[in-house]
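Values in this text are rule-based calculations from the coordinates and carry no lab data. For clarity, every value in this text was computed on a predicted model and none was experimentally measured. Glycine also receives a Cβ, built like all others from the backbone with ideal geometry; neighbour counts cover every protein chain displayed.
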Amino acid sequence: MRLLVIGTGSIGERHLRCFQTLGRCDSIAFCETRDEQRGIIAERYGIPDSMAFASLDAALEQGEYEAAVIATPAPTHIPMAKRLVGLGVHLMLEKPVSLSLDGVDALAQLVEEKAVTVAVGYVHRGHPAMIAAKAALDSGRFGRPLQFRVSSGQAFAVLRPAYRDVYFAKPEMGGGAINDMITHLYNVGDWMVGSIERIVTDAAHQILDGVTVEDTVHSMTRQGSGVMGSYALNLYQQPNELVMTVVCEGGTVQVEYAKKRWSWMTEPGGEWNHEPVEVPDRDTMYLRQNEAFLNAIEGSEAVLCSLNEGIRTLRVNLASHQSASEGQWVAIGQ
Ligand SMILES: NC(=O)c1ccc[n+]([C@@H]2O[C@H](COP(=O)([O-])OP(=O)(O)OC[C@H]3O[C@@H](n4cnc5c(N)ncnc54)[C@H](O)[C@@H]3O)[C@@H](O)[C@H]2O)c1
């Protein structure tokens, strides 16, 4: 397995490290347009100059790869993905799939023709508490889901100090909390309790210094099988938290990242049953995601988020933006 990581900023570096940790690739090359960053990554991860390229063109001229990670900003995703899939390369494609639907169907068709594996980087599907909660919900032991709620926030300026200087500051590059952050939650909700069918969103810039993109998002949804959903996110609260609650006919399930657990309750006004999970560090969910990707290439497991599921979340992102600007419910297109 020869792997190429394209773009080694924040998430590309994490992918590179996680694939090194998994130890299942014969070689890992990368391309990074910024000279200084390329030097830092090569040195930090012991990658020889001959495998550290300044462009995708150079990487493709000088090497052959079975798989690639696309970890560059969103506007590059579709053109790069088409090029690589055309060469028969399996892809770990970072989220969001794109910022519009242009070229998306053509990519999906090419992926079918070339029979390559494509995973989209909606990584919360790799969080141990999410995996356990999903398995419990799917088992039917709590009955039919009725309500889905998720609330998340973090001190983005502290956790991602470069935010003003990277794509996050520019909507046309995939910036703002809808395309960058709450999209992860839409993807989790869609997976957990059924497809998001319509959405209404309120979004605004409240306080995040040096940018004008939205830092606060509230969405309500209607989802498959009649589930009512609500999603809330900000990028400035002090606690770094994600709390998800799924209320079903016969029980309530909750995931709390900060407490590294999922919990359930089946008696009205009863006690929570806490189920701790192992989350040694932030790489944990990326390791699971990337392991599933390698297994999918070998045919032993499915990717955690398929291209079609990633495209469905792209449609939700687009509808959410439309709703935020028009102030009304928007149906998710097919
Ligand atoms: N799944 C996740 O948890 C997660 C987290 C952060 C970002 N992302 C997504 O990953 C993508 C990248 O985000 P990031 O935070 O790493 O951004 P970033 O700006 O930190 O890094 C992007 C890197 O790509 C490089 N680059 C740009 N164009 C290139 C090209 N043509 N060839 C080679 N290198 C190129 C840039 O120099 C930069 O180093 C975005 O789509 C973002 O939404 C996903």
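Overview of values
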item: Listed residues TYR257, TYR122, TYR186, most fluctuating in the chain (Gaussian network, C-alpha, under 10 Å); result: TYR257
item: Tilt relative to the chain, helix 104-114 - C-alpha long axis, 0 to 90 degrees, to 10; result: 60 degrees
item: At most 16 other Cβ within 10 Å, DSSP loop - trypsin sites (Lys or Arg not before Pro), the stretch 54-159; result: ARG141
item: Taking N as its residue count, the alpha carbon Rg of the stretch 2-123 over 2.2 N^0.38 Å; result: 1.00
item: Integer Hz, Karplus 6.51/-1.76/1.60 couplings in order for the stretch 268-285, x for Gly and Pro; result: x, x, x, 9, 6, 9, 8, 10, x, 10, 8, 10, x, 7, 5, 6, 3, 6
item: FRET efficiency estimate (nearest 0.05) - Cβ-Cβ, GLU36 to ALA106, R0 30 angstrom; result: 0.25
item: Values of log10 I(q)/I(0), in the order q = 0.15, 0.16, 0.21 Å⁻¹, for the stretch 77-153 under a Debye, Cα-only, solvent-free model; result: -0.71, -0.76, -0.91
item: Using alpha-carbon coordinates, inclination of helix 307-326 to the longest axis of the chain, degrees; result: 60 degrees
item: Simple label model, 7 Å out from Cα along Cβ direction - SER139 to ASN273, nm; result: 0.8 nm
item: Cross-link partners of LYS114 among lysines (Cα-Cα below 25 Å; sequence separation of 8 or more within a chain); result: LYS82, LYS95
item: Length added when fully stretched, ASN240-GLU113, from 0.36 nm per residue minus Cα-Cα; result: 41.5 nm
item: Other-chain or far-sequence residues with amide H under 5 Å of ALA68's (modelled H); result: LEU4, HIS90, LEU91, MET92
item: Mean separation of Cα contacts under 8 Å, 6 or more apart, over the residue count of the chain: relative contact order %; result: 19 percent
item: Local electrostatic count, SER100, Cβ distance below 14 Å [Lys/Arg +1, Asp/Glu -1]; result: -2
item: Qualifying GluC sites (Glu not before Pro) in the stretch 237-268, DSSP loop, other Cβ atoms within 10 Å at most 12; result: GLU249
item: Evaluated over the chain, the Cα radius of gyration and Dmax, each in Å; result: 19.8, 64
item: Part-to-part distance (alpha-carbon centres) for the stretch 61-124 and the stretch 240-310, which is given in Å; result: 25 Å
item: Whichever aspartates and glutamates have a C-alpha closer than 17 Å to that of LYS260, once near sequence neighbours (fewer than 8 apart) are set aside; result: GLU241, GLU275, GLU278, ASP281, ASP283
